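Below you'll find the structure, written out as structure tokens, and then a few comments.
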Amino acid sequence: MRQSLTLALAAAAVFALLAGGASAQSFEGRKKCSSCHKSQAESWGQTAHAKAMESLKPNAKAEAKKKAKLDPKKDYTKDKDCVGCHVDGWGKEGGYTIADPSKFTTGVGCESCHGPGSKFRGIHRKAGASFEKSKKTTPRKTLADAGQDFSFEERCNACHLNYKGSPWKGAKEPYTPYTPEVDKKYTFDFKKYVKDVKAMHEHYKLDGTFEGDPKFEFHDEFQASAKVGEKGSED
């Protein structure tokens with residue numbers, strides 16, 4: 001009896017562990033996103049976010065570092081107080097690590113804004129195939145329920161407004177040294193900068209696979225002037 005109870009408890013523990021692992025959100029890296037969203041990925045590659053880690057290298061952005069009282073000659077690419085705002089998924093499952101850096105999580109990419117894609121990326125793929133085959137649409141809510149972020153302002157604030165005296169309530173150490181007191185250009189206005197293609201990426205026409213709420217607040221505005229892009233195909 002005791003042995004049976006022990007085995008039952010062990011089985012329950014294993015099940016709980018597996019279930020917990022299955023429910024966890026995990027970063028996958030932008031290679032999987034860009035395999036379908038080819039034009040967006042190419043446009044992103046030219047942005048400041050794509051080159052975010054470059055600024056941490058010795059002698060890069062030297063004048064800006066001096067103004068922020070940083071050593072311009074120092075290599076900050078392995079500094080744990082700095083790296084988090086220059087990569088995808090820092091400290092999160094599947095995200096960037098200093099010990100094993102991945103080029104697909106280096107820089108501020110897709111998942112930094114839209115959330116870790118382990119759950120919702122598969123929904124994109126299946127819904128896209130269904131739409132191509134029969135024009136069947138999928139509620140956008142299924143993506144939100146699977147973890148896709150349709151607001152992502154807080155994700156931006158977490159780096160751009162994370163300084164002492166910030167109007168953002170979530171500010172905490174380690175703080176960014178780049179503050180409006182250092183230079184007014186570091187004053188962050190989400191509604192302004194989310195429209196800056198030099199920081200984000202160009203917007204391309206979406207095919208209509210998903211419908212309904214939630215939608216990003218500028219979704220319709222962006223789509224009204226969006227370009228026709230090139231789609232990739234996931235293997």
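Observations on the structure shown:
- Among the residues of region 186-198, the one identified as surrounded by fewer than 13 Cβ atoms within 10 Å (Cβ to Cβ) and hydrophobic (A, V, I, L, M, F, W, C) is Val197.
- Tabulated pairs, region 215-230, first over 13 Å from Lys195 (Cβ atoms), second of a type in the set (Phe, Trp, Tyr), C-beta under 6 angstrom, 6+ apart or interchain: Lys227/Tyr204; Gly229/Tyr204
- Matching helices (runs of 4 or more DSSP H) fully within region 16-89 where at least 3 residues are modelled with pLDDT of 95 or more and surrounded by 18 or more Cβ atoms within 10 Å (Cβ to Cβ): 38-44
- Selection within region 199-222 - surrounded by 14 or more Cβ atoms within 10 Å (Cβ to Cβ) and part of a helix (DSSP H, G or I): His219, Phe222
- Of the criteria (1) closer than 17 Å to Ala48 by Cβ; (2) in contact (Cβ under 8 Å) with a residue 12 or more places away in the chain; (3) of a type outside the set (Val, Ile, Thr), which one Lys185 fails: (2)
- Condition check for Phe152: aromatic (Phe, Trp, Tyr), out of contact with any Lys or Arg (no Cβ under 9 Å at 6 or more places or on another chain) and on the phi > 0 side of the Ramachandran plot: yes
Conditions tested, residue by residue: (1) within 21 Å of the chain's Cα centre (by Cα); (2) not aliphatic (A, V, I, L, M).
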residue: Gly147; (1), (2): yes, yes
residue: Ala158; (1), (2): yes, no
residue: Lys185; (1), (2): no, yes
residue: Tyr193; (1), (2): yes, yes
residue: Asp196; (1), (2): yes, yes
residue: Glu202; (1), (2): yes, yes
residue: Pro214; (1), (2): yes, yes
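- Verdict on Asp183 being under 20 Å from Gly208 (Cα atoms) and at pLDDT 95 or above: no
- The set of residues in region 30-87 that are in contact with a Cys (Cβ under 8 Å, 6 or more places away or on another chain) and of a type in the set (Ser, Thr, Tyr) comprises Ser34, Tyr76.
- For region 203-230, the tally of residues that are touching a Lys or Arg at 6+ places or on another chain (Cβ under 6 Å) and of a type outside the set (Gly, Ala, Ser) stands at 4.
The values are calculated or read from the model by the stated rules, or taken from the named source; none is laboratory data. Model, not experiment: these values are computed from the prediction. We place every Cβ from the backbone using ideal geometry, glycine too, and count neighbours over all the protein chains shown.
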